[in-house]
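Notes to accompany the following structure.
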Amino acid sequence: MSAAALPERVLQHGRYETLAMLRNGEQLVLAIVLPLLALSAIAFTPFFDAFGGPRLETGTPGVIALCVLSTAFTGQGIATGFDRRYGVLRFLSTTPLGRSGLILGKILAVGAVLSLQLAVIGTTAVLLGWQPPPGGILPALAMLIPGIAAFAALGLLIAGTLRPEATLAVTNLVWVLLAAVGGTIIPGDRLPEAIQPVVALLPSAALGDGLRAALASGTFDLSSFALLCGWAAVASVAAVRWFKWS
């Protein structure tokens, strides 16, 4: 019997990865509970008043960007790192899936889980009073595509080159840094001037700025989109090139 075509293999692997993520309690906490806590802090504390404008208008796009970091980067990176340890990836290396199919399937799973996150976070934010411009929905979705690809590829690059313990430490540390001072929730131009030039080049800032432009003013931030596409391309090539199956 001949092997299935690559698109079918990718879809099947994406389905497997999606179910595995949804069955993992720790990943659900990272994917749902922490973003909901961040959204609640924005809605019910005066912290975001310093940035001007309604709190939810400024903060909700950043929480959505945080969801991408949680699921595509940290969650996927940690899961893949331990899949290497337990021999799951070694088994997959004997199948026709291949490295590119593995990466595409994982990115597909991230997109599926992120859809659930967006439904939960978006619904909660609307119930709290958030009113995104209808014209910003498509630009936001367009921004999410390279954002998911960039962070999933970065997570896989780390998971495929470091030991599982190192992957756990690095992805969690990077998540904290990008969430706090990476332009994700707090706009980069509101951070200390000394780090603004570096932050402006990060994919977290590009995703945060792009989503804020789309969901606050209904505009499409072309420069942020281009930066995300660049990160996605470079990280994907690096992940395919240096990913180790065992």
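The values are calculated or read from the model by the stated rules, or taken from the named source; none is laboratory data. This structure is a prediction, so every number in the text was calculated from the model and none was measured. For neighbour counting, all protein chains shown are included, and Cβ atoms are generated from backbone atoms with ideal geometry for every residue, glycine included. When the accessible area is computed, the model is the full protein with side chains, heavy atoms only, and any ligands, DNA or RNA have been set aside. Shrake-Rupley method; radii C 1.70, N 1.55, O 1.52, S 1.80 Å.
Structural remarks
- Surface analysis of segment 198-246 yields an accessible area of 46 Å² per residue, using protein heavy atoms and a 1.4 Å probe.
- Between segment 152-214 and segment 27-85, the alpha-carbon center distance in angstrom: 12 Å
- Accessible surface of the chain [probe 1.4 Å, protein heavy atoms]: carbon and sulfur percent: 70 percent
- What the Cβ-Cβ distance of Glu193 and Thr94 gives, at R0 = 41 Å and to the nearest 0.05, is a FRET efficiency of 0.20.
- Taking label points 7 Å from Cα along the Cα-to-Cβ direction, Asn24 and Val126 give a separation of 3.0 nm.
- For q = 0.19, 0.23 Å⁻¹, Debye-computed log10 I/I(0) when each Cα of segment 138-232 counts as one equal scatterer: -0.89, -1.15
- Among residues other than Ala205 with Cβ under 13 Å from its Cβ, the summed charge is -1 (Lys and Arg +1, Asp and Glu -1).
- Rh (Kirkwood; distinct C-alpha pairs) - the chain, Å: 18.2 Å
- Sites matching trypsin sites (Lys or Arg not before Pro) across segment 1-106 that sit in DSSP coil, with at most 13 neighbouring C-beta atoms within 10 Å: Arg23
- With the helix formula -39500 (n - 2.57) applied to DSSP H stretches of n ≥ 4, the chain reaches a computed 222 nm mean residue ellipticity of -22500 deg cm²/dmol.
- Size-normalised alpha-carbon gyration radius of segment 47-176, reference 2.2 N^0.38 Å: 1.21
- Accessible area of segment 62-161 divided out per residue, in Å², using a probe of 1.4 angstrom: 35 Å²
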